[in-house]
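Written out below as structure tokens is the structure these notes cover.
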Amino acid sequence: MPQQRRMKGRILNVLYFVVMGTLVFFFIAPLLWMLFNSFKTALDIVKMPPALIFSPTLENYRNVFGAQNFLKYMWNSLAVAGGSVIIGLLLGLPAAFSIARYKQHKLAVLILISRIVPGITFLLPLFIMFRFFGLVDTYFSLILSHLLVGLPFIVWVMVPFFEAIPPDLVDAARVDGCSITQTFFRVILPISGSGIVTCSILAFIFSWNNFMFSIILASNETKTVPVAIFNFIAFATIDWGGLMAASVVITLPVLAITLITQKYVIRGLTSGAVKG
């Protein structure tokens, strides 16, 4: 019996690693394929069977940063994502604290509905409004539209985090003479760092990857990287090399942020569930 149990355990371990290895392969393979093709010529990319041994070239990246000026598009994405995160935090953190402190569940549901409703529902009204005020193709209109994605997320990440903070901590600060605003800034925010970092990172990534609002509200001056990638797709041809290199350029910052901050993200997402 002990031998059978050990054998059964080994078989389960092998199956576990096979399943996990298969899942990891399916997630990693497209990224590796994109990376390798970004260093290939157009002829090598379309070659069948795929060329695993090839002479790498940087011509696709010269095209991305030279002819297509992707640095400008990356700056646009950085400005829009950074602006939407900052404004989202300024509005979302007090709102989340108020919902958690005063049990404003109706307000929470209203914010949740704005997150659940497809973004395309807001697209036409936003476009008409921004065009009326002459704000199309401005950072302001893009930042406001991206808030529809980031702000509800920030609120819904922070509400359980604030709910997990012991109410006695707030009451003690009030007894010591702090107003509710002073309590929020001097007591609550300093101990909410991991939650704030988590929602900031994820909201930034959502805004960085947002395509729908940017393709309608942005033009040449404010075009973001997900929209700029269409520069490599023409009516009859597709520049696969440039497309792959641009995809790598878009993916690398998000991937780097995710890898560097993964422990803070995990800690922030789980701390609301274990505190108290």
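The values are calculated or read from the model by the stated rules, or taken from the named source; none is laboratory data. These numbers come from a predicted model, not from an experiment. Every residue, glycine as well, gets a Cβ built from its backbone with ideal geometry; the counts of neighbours run over all protein chains shown. Calculation scope for accessible area: heavy atoms of the full protein, side chains included, ligands and nucleic acids excluded. Shrake-Rupley method; radii C 1.70, N 1.55, O 1.52, S 1.80 Å.
A few points about this structure:
- Per residue accessible area of the range 119-246, 1.4 Å probe, in Å²: 48
- Net charge dipole size for the chain [Lys, Arg +1 and Asp, Glu -1 on Cβ; Debye, nearest 20]: 880
- Surface share of carbon and sulfur [accessible, 1.4 angstrom probe, percent] for the chain: 73
- Options I53, S84, P160, ranked by Cα towards positive dipole end of the chain, top entry (Cβ charges): P160
- Straight-distance crosslink candidates among lysines, where the alpha carbon sits under 18 Å from K263 and sequence neighbours closer than 8 are dropped: K275
- Using the Cβ of L12 as centre and a radius below 13 Å, the other residues enclosed give a net charge of +4, where K and R count +1 and D and E count -1.
- Residues considered: P125, P49, P253. Largest GNM mean-square fluctuation over the chain, using C-alpha springs under 10 Å, is found at P49.
- Solvent-accessible area of K263 with every protein chain in place, 1.4 Å probe, in Å² to the nearest 10: 120
- The structure shown yields P(r) over Cα pairs in 10 Å bins from 0, in percent, and of the options (1) 6, 21, 25, 22, 15, 8, 2, 0; (2) 6, 26, 31, 20, 10, 4, 2, 1, 0; (3) 6, 26, 28, 19, 13, 7, 1 that calculated value carries the label (1).
- Cα point-scatterer Debye curve for the range 108-259, base-10 log of I(q)/I(0) at q = 0.09, 0.12, 0.16, 0.17 Å⁻¹: -0.43, -0.70, -1.01, -1.07
- Length-normalised contact order of the range 128-276 in % [C-alpha pairs under 8 Å, at least 6 apart]: 37
- Seen from D137, the other residues with C-beta closer than 13 Å to its C-beta sum to a net charge of +1, counting Lys and Arg as +1 and Asp and Glu as -1.
- Within a Gaussian network of the chain (alpha carbon springs, distance under 10 Å), most fluctuating of I238, I154, I201: I238
- Positive minus negative residues near A51 (Lys, Arg vs Asp, Glu; Cβ under 13 Å): +1
- Top positive-direction residue, dipole computed over the chain with Cβ charges, set Q104, L169, F70: L169
- Helix-only [θ]222 nm of the chain, DSSP H runs n ≥ 4, -39500 (n - 2.57) each, per residue, nearest 500: -24500 deg cm²/dmol
- Taking all protein chains as shown and a probe of 1.4 angstrom, R101 keeps an accessible surface of around 70 Å².
- Computed over the chain: relative contact order in percent, which uses C-alpha pairs under 8 Å that are six or more apart: 29
- When the chain is treated as a Gaussian network with alpha carbon springs shorter than 10 Å, the biggest mean-square fluctuation among I53, I257, I180 belongs to I53.
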